[in-house]
Every structure is written in structure tokens, then in C-alpha cells.
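This report concerns only the one structure given below.
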Amino acid sequence: MIPAPALLEVKDLHVTYGQSRRREFQALKGVSLAISPGETLGLVGESGSGKTTIGRAVLGQTPISDGSIAFDGEDITHAPRRRRKELGRQLQVVFQDPYSSLNPARTIGQTLAEPLSTDPSLSRDAIRGRIAEILRRVGMPEDTAERYPGQFSGGQRQRIAIARAVIGRPRLVVCDEPVSALDLSVQAQVLNLLNELQQDMGLAMLFISHDLTVVRHVSHRTVVLYRGQIVEEGDAQEVNDHPQHPYTQALVDAAPVPDPALQRAKREKRRARRLASATA
Amino acid sequence: MSESAAETPADVFTAKGPASQDKPTRFFRRLARKPLAIAATAWLVAVSAAAVLAPWLAPADPLAQDLLAVKQTPSQAHLLGTDAFGRDVLSRLVYGAWPTILGIAEAVLIACALGFVLGLAAGYFGRWLDRAITQLVDLLLALPGLVILLSILAVFNRDMTVAMVTLGIMGSAGIARVARSATLNVRNELYIDAARISGLGDAAIIVRHVVPRIIGPLIVQLSLFAATAVLAQTGISFLGLGVQPPAPTWGGMVYEASQTITDDPWLLAPSGGAIALTVLAFGLLGDSARDAAAEGWTRGTRRGRRPAPSPRPTPSPRPTPGPTPATAAASPTAVLSVRGLTIVADGDTGERVLVDGMDLDLEQGQTLGIVGESGSGKTLTSLAIMGLLPPGTRATAGTMVLEGARYNLARPETLRRLRGSTLGMIFQEPMAALDPCFTIEHHLLEVLRHHGKAPRSQAKARAIELLELVRIPDPKDVARRYPHQISGGMAQRVGIARSLAANPRVLLADEPTTALDVTVQAEILDLLRDLSEAESMAVILVTHDWGVVADSCDRALVLYHGETLESATVEQIFSAPQHPYTKALLRANPHNAAVGQPLPTIQDSLRELLDDHDKETVA
């Protein structure tokens, strides 16, 4: 199925939260997935499905109970801290909340310099050049580097967060609900930017979202997660248009479409199913 | 409508962000703007200078006695008078500042260094380290401070330095607690995660991201502790432990004054005043520091979750500004009509219009969608109808006709009677709308008791009935549970049940499903629709989601920066939107976009649509 060797390969991943055995919660129960270089994998699920946990596990932010994660052929499941530091340049992240993800007390320039600070070969001037270049690339004005996050809107902050993620020229970016907190008009711009960067830089992306239509738009393949397990996987378009698993079908049915006639039909179908299940 | 839009330049919609103020002022600069902080600092600097420069500043030898001039009140020769041995009080005061200042400095430095490190380590690293440090801190806080100090003085032969170091160690507990909780807050911020993922070490993260954010609360705590240290140091001197008489100390001077308080009350004033002023200065400094820190949070430099909507860029010239008698006639069939609702925010630069002369009509049993993006004023509109506008905003005009009765929306107190009876409301965060201390049943009974005079048993039965009405399975069991024991979807059902308790004619739903999963959203929307049909209740649904509009609304009203751009039936809005903004917003939805193609952004769409519009008007 996958022609090139996978850039990221997750095998039978188990993550369990909680200290005592009685109160533990299995967030992931054996998840396997792979991302090729330059590919976008959409990860869809509702709250509690474990989609964010997968992203955190890949980034080394959560302890793994069982299974393995390989990046570019190297097992990084329990990578030591020093190795993690080096991986920081290749593995990056964009979070949902553009407010909490930028330190209000530091200038945009200081924030953007952070991923480059682990690279001793870069001079101050080189870093400044890279910052100017990336700000231009994400469509922010030139004086952005000297300003503070408080002076920017949510959409602009998300552009800055994206700039921070890609400034070190990573190979994989985990996007955890990057547009969920944004207005529709801003969402479109940010999605376009992510798509462009992905193509220009040959980025691979793990795109986590609760919204199937957004995932369909940006992903090559989609994985549907339900209670810590994968229930369906396939071509993004295919999963959205012809869902096979009952859960995916319910997900597609439940998402309201911006078309009154179509939506009315959907609603009637839903209602009929509910009445049927109530009488059954 | 399209006329006014044509005059709106396309770049209006490029996100310029909230009006950029100057650089966010840092903590110390904000502190330096407070007169009380300046006065307090000036006093403390003066006392410290006096302590260090005493040999040069003092007019006389503090130990030189002059038995011919005892117990004098202030004069030219002795600016603050003399004591029982005729010693110059001013000189003694100046010399006495040294042990006090030294003691405070010792205690504060120790408390700061120890408390800061302990608190930071506990908050940042957590786990066993946090548990160990927290236990230690609890232990320190439980020790009786004065008793420990006295025993230390006894053991170490009245050594003031040892006593003040001990005080510092004990005071570090309070500092550590503050540092720990401040660190815990910062630690959960996503930028810490981002820094760690970028490969930064703990030391770099602490220095760059944590310390700058906890320094404010720490300064507050330290200055309050310094005030305590002044009292402790002078207290010890008063008892004659520590520095030995006749060497001057502030506490010792208070003791001397107390011996002659009946025949020379003045003697208490200089030493007592100096102590009081120093304690006051530390207290005021702490207060100002707390205010300065709080301003940093509330100025919106941090979570300006909703950047205050900037004043409308180009107020398009409306042919009839504000409500006019022509539009003021309420629709005769509507259950709720609003005319000319205007909401303003009071800011530094005067009033800013947030909602401008809005009209709406809600027919019986219908659902009206108020659609807009953040800052459009959609939530404010629903809050104004309830008379619940947040502080800092107010309705300046607007009338509401509800079931034939007229209300003035600019006088929210007249709307109180309507809330929870004729008008019901549900919110975006269902969990936040429930009090975690009370059971679900209690929440419902509270409302039922307020509105009806039914006996308790009947009210209880009605509460269960309401839970059945919102399709909660096993309502009797759920009624006994607390809010944290139910899911978000269930909580929203309870919210709906509560708002239904008084049979409202109109239900205002502010983004009722935004915080919920799509499958739960579908259930809640179905429920709202069925209830609206069954109870012939009209619904105002505030939302940003076109899918929800298509699903649930009969009519929709599109808001942009407080201005109603269009109002039509849902079919019209979707099939033939009139305003370019509506068209652009619909096209930006990924649902309608071709895969692999960039999404048409608002700017692109508007430019295109405006070009077309120009061509049409030319032709």
C-alpha cells in the first residue's frame, strides 16, 4: 500500500492514564498507523477517542504503556531526553489554542527563535534571516518579530504558531485541531496556508480534528478513532463519502451540512433511525 | 444592502487584529505609574540610605548623654527631641535603622531564595518532588513562629542574625506556596509544551517562560513578608533580645518610650512612627505590585479570547441611521420583536458601538438563527434581550415587544421578571451553567420553586417529568447525580430542562452545541426542534456554524461587526445570498470546496464579487 518507507510508524500503541490500577483509563488500546514522507494523515474522532493522545505520544509528551513508535526507521518509543531534543527540529506541533500557545511576555521574534536555538551552527544573523523569511512565508507583516502576541488576532496568532512549527524545517508536523478555535473566514486561510506549506516543504502531517469535512479537505488518508481504537482507515475522500463502519456513518450523518434541503433529508433519516431504535 | 457593501473595501475583512496598542507595558513600568508605589519606595530607599550613611547623616552621637536636656520635645538643636538620658532621638533613629534594615534584608533574602527555589521546583517538576516539598512547607507553616524565634535566640545567645535567618526559613514556606501555584498555572500553558517539543531544556524553559510569569505574585508576597519581618525584628529588639542596649534599635526605642509614656508621650512618636511607616510602605508596595500584576492579566495581553471588536472600519452610510419610526412598527404576528437595539461598550476613548440599530422578529414556534463570527455581536444581542449584558457594555436604545407587552431594552432591570419565565436561555458551556455543589434535581427544583407555588412533592414529580422531556434515560437516577457525574451532552439536556421549567415562550440558545461532539450535537438539535414544535416555543439560536443554521433554523440573520447584513428565510440565505459577505462566508466552508483546491477565502471572494458588482453597475 505505501510505496516509500514510512516516515512515522506507530505499532500497536497502548497508553494508560491513572496511577492506581483501579482508577486507570485506557486512552489507546492498540493503535497502528503509518505516515509516508510528504503525506497528510487525518485523524478523526470525538472527545475521549484518544486522538490527542496519539499526537502527544508521537511527540514524546506522554508515557507509553506498550507498542512502538518509529520515526524515519529509528525506534523513538522511549528515546532519551538528549535524542528528543535533537528530534525537536524534525518533529513539530501546532496546537488548537492560539492564545495559550504563545508566551504573552515574549516577542514573536523570541518565540520563533526557540526551535532554532538548539542548532549551534546558526549565527544570530542567520536566525534573524530565517525569522524574516518564515514570517513573509506565512503572510505576516515585516515588523511582526518585534511585537507581542497580545497585538494579534486569533488567526494571526495561529499563523505565527505555524511559523514556529515549520521554521526549523521539520519533516513531520502534528496539527492538533489547528482550526477549531478559528472563525470560518480565518479557518479557510489557515487551512490553505497549511496545504501550501505542506506541498512546498514536502512536510508530512498528522492532522487531528473532530471535523470530517476539514480533514477531507487537507488529508490524503483518514483514520477514524473511537474509544482508543481505529475503526476505519482509508482514502480521505472515500471515508467521507462512503463510510463503511457504523460509527463513521453515524459521524458523517451527524455532521450538519450547509444546505437546508440536504440537511432536512439527513435529519429525517436520523429521526427515522432513532424512532426505529426506540421501538425496537 | 448590496449598495452599502460595495462601498466596503475588501481589505476591511483582512484580519488586522485588535487595534495595536503600544508594547504591552511590563510589570515594573506599570508599577512605576502608581503614586502610592512611588511614595512607598521612596520611604524605603530613604530608610535604607539612612541606615548605611548613619555616621554622616546623624547630627549627634547616638550614645552621647546630656542629662541637662532630657525628655525634650522637638527643637532646633534636637529635631526629634531627646530621650530620658538626653540622647538625640533623631540620631538614635538613624543609627537604629541599620539593624532593622539588615534584619529585614537577611530574612527576605533567605525567604526569597529558599521559597522561590522550592516553589518553582515543586510546581515545575511535580510528582514526588512536589509531594515532598509540599509536606515540608506544611510542616514549616504549622510551627509556632514566635516560640521558635525565642528559643533560637536563647540557644544562640541573642544573635539577631541567626534569628532573622530563622525567620526567613520559616517565611519561605509562604513564598514557596505562592511560587508553586503560580508555576502550576504557567506550566499548563501550551507554549511550555511547544518549547519542550522544540528541544529546549528545563533550565531554558524555566528562565524564559516560567520565571517572568511568576515574578509578579512573588513580589507581592515578598513585600508582605518584609512587613512581617519589620514587626518581628522590632519586636525582638523591644524584648531586649538581639542588639544590646544602649546601642540604638527601633524596637529598643519603643521600649524606652514605653517606660516614660506617662510623662513624655512624644518619645513614642519617632520610633513608633518609623516602624508604622515602614510596615505601611511594604504593605502598599505589595498592594500596588498586586494591582500592577493584575492589570497585566486583565488588559487583554493574555487571554484576549475575544479581541475586543475594533470599531467598525468604515461605517457604511446607512440611509436612515438608528431606529426610525418607519421601521419601528413591530410585526403583528411575531411573538418577539426587537427594534433599534444598540449596544455600546464604554472604553477609554469613549463609546464604541458593538451592535447598531438591530431589528429582529421571531414568529411563534419558529427558530431564528443569528449567524456571525466572533466580534459580530451575536451573543451580546441575545444577552441584551435577557437584560444580562456584561459589565462595561450597555444597551443605549432598543424596544422589545414580547407577547404584546413593550419593554425598553435600555433599562435591563425591567426585564428581570421575564428571565426564566417568558424567556429561557441555554449557554455554550453546559457544565459551567450548573453549580457543582448541587444535584441535578436541586437545580430543577430551585427554578420550579421560584416560578410556581407547587408543593414539594409535586415539584419533584415535575422535575422528573422535565428530565423525561429532554430524553434523559433513567431520569430518576440522573436527578440524584451531581454535575461532574454526567456528560457534557447530558448537562446541556439538563440546561434545557431547567430553562423549560417555567414554560417559556421564547428560548434563547447561545451556541448550545459548539462545545459538544457532532453526534451529541445532532441529538441536542433534534431535541430543540421537537420541543419547539411540541410546545410551540420560539427559539433564537446564536451560532457560527452554517450546518447548524441549515439544520435547525427557519430564518437567519447575518451579523457582521454589529450590523445586520441580511435577514431572510434559510432557503433564501443558502440558495441566493444577497450580501457579498454572506456569499463569501458560505464559500469559505470546506464542505462546499473541491478537494485539492485552495479554499476561497473571504478576501478572494469579496474582491471577485465586488468586481462583478462593478461590472454589473457599469453595464
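Structural remarks
- Along each principal axis, Cα extent of segment B:398-510, largest first, Å: 44, 31, 24
- Per-residue ellipticity at 222 nm from helix content only, as computed over chain A with -39500 (n - 2.57) for each DSSP H run of at least four residues, stands at -11500 deg cm²/dmol.
- Cα-based helix-to-principal-axis angle, B:35-52 vs chain B, degrees rounded to 10: 20
- Pair-distance distribution of segment A:140-194: all C-alpha pairs, bin width 10 Å, starting at 0; shares per bin in whole percent are 21, 54, 25, 0.
- As a ratio to 2.2 N^0.38 Å, the alpha-carbon radius of gyration computed for the protein assembly as shown takes the value 1.15.
- With the simple model of a label 7 Å out from the Cα in the direction of the Cβ, B:Ala113 to A:Arg124 spans 3.2 nm.
- Largest first and in whole Å, the equivalent-ellipsoid semi-axes of segment B:181-248 read 44, 12, 7, each the square root of five times a Cα gyration tensor eigenvalue.
- Each residue in B:Trp546, B:Trp56 was given a count of other beta-carbon atoms within 10 angstrom of its own, and listing them fewest first yields B:Trp56, B:Trp546.
- With respect to chain B, whose longest principal axis is taken over its alpha-carbon atoms, helix B:89-125 is tilted by about 40°.
- Segment A:105-163: equivalent-ellipsoid semi-axes (sqrt of 5 x gyration tensor eigenvalues, Cα, Å): 20, 12, 10
- The tail of the calculated P(r) for segment B:45-163 beyond 24 Å holds 53 percent of all Cα-Cα pairs.
- Cα lying deepest toward the dipole's positive end in the protein assembly as shown, options A:Leu203, B:Val539, B:Ile192, charges on Cβ: B:Ile192
- Directionally averaged projected area (convex hull, Cα atoms, segment A:167-249), nm²: 6.1
- Estimated from helices alone, the mean residue ellipticity of chain B at 222 nm is -16000 deg cm²/dmol (sum of -39500 (n - 2.57) over DSSP H runs with n ≥ 4, per residue).
- Per-residue mean of C-beta atoms belonging to partner chains within 10 Å, peptide B:521-528: 3
- According to the Cα-based calculation, Rg over Rh for chain B is 1.13, with Rh computed by the Kirkwood formula.
- Compactness check for chain A: Cα Rg over 2.2 N^0.38 Å is 1.08.
- Each label point was placed 7 Å from the Cα along the Cα-to-Cβ direction; for A:Arg264 and B:Ala32 their separation is 6.7 nm.
- Kyte-Doolittle at least -0.5, axis length at least 24 Å by Cα - qualifying DSSP helices, chain A: A:184-201
- Distance from the Cα centroid of segment B:540-590 to that of segment A:32-89 is 40 Å (rounded to whole angstrom).
- What the Cα convex hull of segment A:236-278 gives, in volume per residue, is 74 Å³.
- Charging the Cβ of each Asp and Glu at -1 and of each Lys and Arg at +1, and nothing else, the dipole of segment A:105-163 about its Cα centre rounds to 140 debye.
- Note: relative contact order over segment A:105-163, using C-alpha pairs below 8 Å and six or more positions apart, is 47 percent.
- Calculated on the alpha-carbon coordinates, the convex hull of segment A:81-135 measures out at 109 cubic angstrom per residue.
- A dipole drawn for chain B from +1 and -1 charges on Cβ atoms has a positive end, and of B:Val47, B:Leu268, B:Ser172 the residue lying farthest that way is B:Leu268.
- Sorted by Cβ density within 10 Å, fewest first, the residues B:Tyr95, A:Tyr17, B:Tyr255: A:Tyr17, B:Tyr255, B:Tyr95
- Helix B:518-534 and the longest principal axis of the Cα set of chain B meet at an angle near 60°.
- Relative contact order of chain B, defined on C-alpha pairs under 8 angstrom at six or more residues apart (%): 13
- Exposure proxy order (Cβ contacts within 10 Å, fewest to most) of B:Leu402, B:Leu143, B:Leu565, B:Leu167: B:Leu143, B:Leu402, B:Leu565, B:Leu167
- Whole-number percent relative contact order across chain A, with pairs defined as alpha carbons under 8 Å at least 6 apart: 24
- Per residue, the convex hull volume that the Cα atoms of segment A:131-280 enclose (Å³): 144
Read the figures in this text as sums done on the coordinates, not as results from a lab. Quick caveat: nothing in here was measured; it's all calculated off a predicted structure. Note that we place each Cβ from the backbone using ideal geometry, even for glycine, and neighbour counts take in every protein chain shown.
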